[in-house]
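The next block holds one structure in the form of structure tokens; read it before the comments.
The values are calculated or read from the model by the stated rules, or taken from the named source; none is laboratory data. Values in this document were obtained by computation on a predicted structure and should not be read as measured data. The area values use the complete protein model at the heavy-atom level, side chains included, leaving out ligands, DNA and RNA. Shrake-Rupley method; radii C 1.70, N 1.55, O 1.52, S 1.80 Å.
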Amino acid sequence: MSREVLTPPVQKMSQMRRYRVNVVHDDFGGDKWNGQNKQAKLEYKTYEEQNLYGDDDDYEDDAALKSITESANGDFSLSIHVSKSFYGGLIGMKGSTKRRIEEETRTEIFVPRPNDRSNEVTIKAKQRSQICAALRQIQHLVTSLRKKMKPTHFLAVALNSGEVKERFMELKKCILEAELPGIDAELFIPECCIHLTLGVYVLLDDNERQEALKNLESCRRLLDGLKTPFEIKVKGLEIMNDDPSSTRILYARIESPDLQKFADQCLAHFQTTGLCAADNNERESIKLHMTVMNNRYRNEANKCGNSFDAREILKRFGDFDFGVAQSQAVHLCVLKSRTEDDFYKISGSLEF
């Protein structure tokens with residue numbers, strides 16, 4: 001494949017521009033490449049005619065840039081970790097996606113085979129800027145694919161001890177003794193699992209879990225100026241939807257200004273990592289809440305619809321006071337790992 005870069009004829013420029021925009025829109029959700037071309041042969045540098053090559057100085061992934069190596073013959077290469085879960089999307093039908101990226105960036109991309117022990121994708125090219133262009137496309141593609149996957153982990157503040165736990169058990173006992181229609185013990189979160197969620201993520205292998213923990217530790221700087229341990233007041237009941245007669249989630253309100261500030265800043269930081277689940281990428285703030293009842297907790301065999309009637313619960317216990325808790329850690333937990341006797345499986349923690 002020839003590596004010469006040719007300036008397209010003027011009369012074909014608009015057609016080429018439309019092609020590029022369509023490719024980006026279809027594969028990457030409408031994102032656009034930014035930066036200026038460093039090659040003299042490419043003359044079209046207006047905003048509307050953005051090319052595939054970015055300026056190294058504008059690229060955000062400093063770690064990746066430092067890993068680019070140059071061989072004795074002047075060629076460049078870069079090996080990056082990509083979870084095996086993304087290989088199919090990166091390769092595409094009959095290799096179409098990988099081939100397109102290679103053609104547009106004038107690179108060669110090597111994806112490990114399923115049985116290979118390595119999970120590093122290697123990019124080779126004649127120029128450093130071509131490596132950066134291919135890296136951008138691959139990372140955009142991985143981000144797009146991750147948005148379509150279900151969350152695997154979440155950040156949590158545990159509330160499963162002390163006054164809040166005791167008051168939760170008291171409320172649960174009162175509600176069950178009231179024998180309200182359609183209300184049973186399966187709707188309640190186990191008291192050993194009571195928590196606040198600060199964010200949800202898609203972490204597909206140990207490398208990504210370690211990266212998430214590294215980013216969590218970097219959030220320690222966000223604690224400056226905040227009073228820790230966080231004081232968390234838990235009082236009052238609300239529902240996630242507008243119709244209390246058809247409720248899926250009943251939760252307790254949270255009052256903790258310092259924790260709210262930390263949670264929002266932590267969310268903003270993780271949104272830059274590419275590890276967030278789709279829902280977290282679209283949020284500007286974390287809604288702090290402590291789930292009390294959730295229709296999803298019921299066994300499928302015992303479910304009578306997708307909701308429950310919370311009107312009487314709100315009427316009788318709407319102002320219920322769970323008390324105050326102190327939090328000295330944020331945990332990275334595995335989703336769907338809760339049990340009747342223990343908290344969620346913890347992958348790592350930020351203690352303060």
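In Å, the Kirkwood hydrodynamic radius of segment 153-351 over pairs of distinct alpha carbons?
17.6 Å
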- Among all lysine pairs in segment 64-147 that are eight or more places apart or on different chains, how many have alpha carbons less than 18 angstrom apart? 7
- Query: Expressed as a whole percentage, what fraction of the accessible surface of segment 164-286 belongs to carbon and sulfur atoms when a 1.4 Å probe is rolled over the protein heavy atoms?
  - Reply: 45 percent
- Query: Tell me, what HN-Hα J-couplings in whole Hz come from the Karplus equation 6.51 cos²θ - 1.76 cosθ + 1.60 at θ = phi - 60° for each residue of segment 237-245, using x for Gly and Pro?
  - Reply: 10, 9, 10, 6, 10, 9, 10, x, 6
- Can you tell me the Rg and Dmax of segment 55-210, counting just the alpha carbons, in angstroms? 24.0, 80
